[in-house]
Amino acid sequence: MELICPICNGLQSLKAVCPQCGQLLLDGGTIEDYWGAYSPYVDKDTLHTNQYGEQKYCVHLIYCPECYYDIRKAWEMVII
Ligand SMILES: [Zn+2]
Ligand SMILES: [Zn+2]
């Protein structure tokens, strides 16, 4: 058994559209890459792990290629 992110592993597509212009949003990758900027404010451990200390969510930055709108969205990890 392994916990994986359905987005990172291509099991699921984003299927999200930009609320500003209706373009399909693209995956900008996980925000693990961006933690440097947020780490003073976000407690990663309590936010993203369950009681067993396993990672519970994978947070991605998704963005609009048209108007550069971007949001962060957490996907629940799935067990394979
Ligand atoms: Zn992911
Ligand atoms: Zn847009």
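The values are calculated or read from the model by the stated rules, or taken from the named source; none is laboratory data. These numbers come from a predicted model, not from an experiment. Neighbour counts are summed over all protein chains in view; Cβ atoms, including those assigned to glycine, are modelled from backbone coordinates with ideal geometry.
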If I go through the stretch 14-31 residue by residue, how many of them are at pLDDT 90 or above and at negative phi? 12
Any residue in the stretch 56-68 that is in contact (Cβ under 8 Å) with a residue 12 or more places away in the chain sitting within a Cβ distance under 9 Å of a residue that is among the hydroxyl-bearing types (Ser, Thr, Tyr)? List the pairs, counting only those 6 or more apart or interchain. Lys56/Thr49; Tyr57/Thr49; Cys58/Thr30; Val59/Thr30; His60/Thr30; Leu61/Thr30; Leu61/Tyr34; Tyr63/Tyr69
The stretch 40-80 - residue that is of a type in the set (Phe, Trp, Tyr) and part of a strand (DSSP E or B) and, of those, modelled with the highest pLDDT: Tyr63
